[in-house]
1. Can you go through LEU173, LEU116 and tell me which one is modelled with pLDDT of 80 or more and on the phi > 0 side of the Ramachandran plot?
2. When segment 243-280 is examined, which residues are found to be surrounded by 21 or more Cβ atoms within 10 Å (Cβ to Cβ), hydrophobic (A, V, I, L, M, F, W, C) and more than 23 Å from TRP198 (Cβ to Cβ)?
3. Got a number for residues in segment 306-323 being surrounded by fewer than 18 Cβ atoms within 10 Å (Cβ to Cβ), under 28 Å from the mean Cα position of the chain (by Cα) and in contact (Cβ under 8 Å) with a residue 12 or more places away in the chain?
4. Please verify whether PHE256 is assigned by TED's automatic domain parsing to the domain that holds HIS202 and touching a helix residue (DSSP H, G or I) at 6+ places or on another chain (Cβ under 7 Å), treating the condition exactly as stated.
5. Considering each residue of segment 62-73, count those that are modelled with pLDDT under 70 and part of a strand (DSSP E or B), and give that number.
6. Can you work out which of the residues in segment 199-226 that are surrounded by fewer than 20 Cβ atoms within 10 Å (Cβ to Cβ) and touching a helix residue (DSSP H, G or I) at 6+ places or on another chain (Cβ under 9 Å) is nearest to ASN167 (Cα to Cα)?
7. Please go through segment 52-61 and give me each residue that is assigned to a loop (DSSP other than H, G, I, E, B) and either at pLDDT 75 or above or surrounded by fewer than 11 Cβ atoms within 10 Å (Cβ to Cβ) (or both), ordered by number.
8. Restricting attention to segment 281-295, which residues are of a type in the set (Gly, Ala, Ser) and surrounded by 15 or more Cβ atoms within 10 Å (Cβ to Cβ)?
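The values are calculated or read from the model by the stated rules, or taken from the named source; none is laboratory data. Because the structure is a prediction, the values reported are computed rather than measured. Neighbour counts run over all protein chains shown; Cβ positions are idealised from the backbone, glycine included.
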Amino acid sequence: MCCATSAAFVGNLNYLSPSRHHASLGVSIHRVAKRTHGTTPWQPSQLNFTHGVASGDPSEDSVILWTRAAPTNDNDASNVTVSGYVPLYDHSTEEYVMSSNAPVCVDWKIATSESLKHVIDSGTAYTSSDVDYTVKIIFSRINSSISSGAETPFNYDQWDGYQANRNRTFHALYNNKIGNNIFLAGDSHASWVSDLIWLDEHPYDPVTGNGSVGVEFAGSAVSSPSPAGQNVTLAEAQIGSEYFVATNTELQWQDFYYRGYYELSISHERVDAAYFGVPSTKIRSGAEISLANFTVLAGANKLHRENGAAAAGGVVEAGSLKGGKVVPRKVLFDTETDEWHSY
């Protein structure tokens, strides 16, 4: 267990409230982070795993892992009975918890063998005296696709954070043969277009789209930075997009680079989705670039394929298209002047 600084307090469930209905029972992560140093003075050899590693709440797709990595062998909390309004988690109550400004950073890995040669998930989380140097994380394999690889742990703000809800949704759609499903998503600051499938539960052919129960369109941010980085280059973003499309069976197109939006044209016969990107967010401009176009035919429950790919013509301007081509035309349209320009 090392002291890398890329961890996050939110990666440790012990800082959260034990009750979904009483958020105040949790630790104020903002206050913990404010008083702590970015690095820890402790070397790995100075930390003790006083309670080993335990697991609990197992399900078909997930399990909670728990451990304690402390610079001491004893618990930091005294035996004084806690009373009143959650004083144990009040950072000013040092009679119960001696606050420390040096967090412990714990790296965890899960593999298919004791040698840890084939790692299937990993992550990093902080712990501190506020939670008696304990660590609790959730390991989940709800989807055979790779989302962000072994470097990204369970994410509460995406599909993997709502396993039961997602499974109930898929169960209702498949079992009741509900069709013409279009899911709209956002908040990832990137563009995504996927067939909607329940991996490992129903067969799916990514080439034809057969087996899909619908389509998901996700839009980028208009001005917020890319999740790949504020100053990511087009070439760097392209590499990321190619990786995601290659490792996610259902993902048909993805783009990290362009800020922008998408439009839907809906009729009884079809849904057309047009994705647009802006060449720059540094200056105010009406210029936009046509990035990709997609079609969902009524009753098809999948993206319409052309020339072996899910995008119109089998071609997109940027990102990565499964089975298709990326051909930059380097042409933009000025929505204020109705003029076309090269870039």
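1. Going through LEU173, LEU116 in turn, just one is modelled with pLDDT of 80 or more and on the phi > 0 side of the Ramachandran plot: LEU116.
2. PHE256, PHE276
3. Narrowing segment 306-323 to residues surrounded by fewer than 18 Cβ atoms within 10 Å (Cβ to Cβ): 306-308, 313-315, 323.
Now drop any that are not under 28 Å from the mean Cα position of the chain (by Cα), which leaves 314-315, 323.
Going one step further and asking which of them are in contact (Cβ under 8 Å) with a residue 12 or more places away in the chain, we end up with 315, 323.
Residues flagged as surrounded by fewer than 18 Cβ atoms within 10 Å (Cβ to Cβ), under 28 Å from the mean Cα position of the chain (by Cα) and in contact (Cβ under 8 Å) with a residue 12 or more places away in the chain within segment 306-323 amount to 2.
4. yes
5. Initial filter on segment 62-73 (modelled with pLDDT under 70): 72-73.
Cutting the leftovers down to part of a strand (DSSP E or B) gives us none.
Number satisfying all stated conditions: 0.
6. Going through the qualifying residues, I end up with GLU201.
7. Selection gives GLY52, ASP57, PRO58, GLU60.
8. Residues satisfying the conditions are ALA287, SER290, ALA292.
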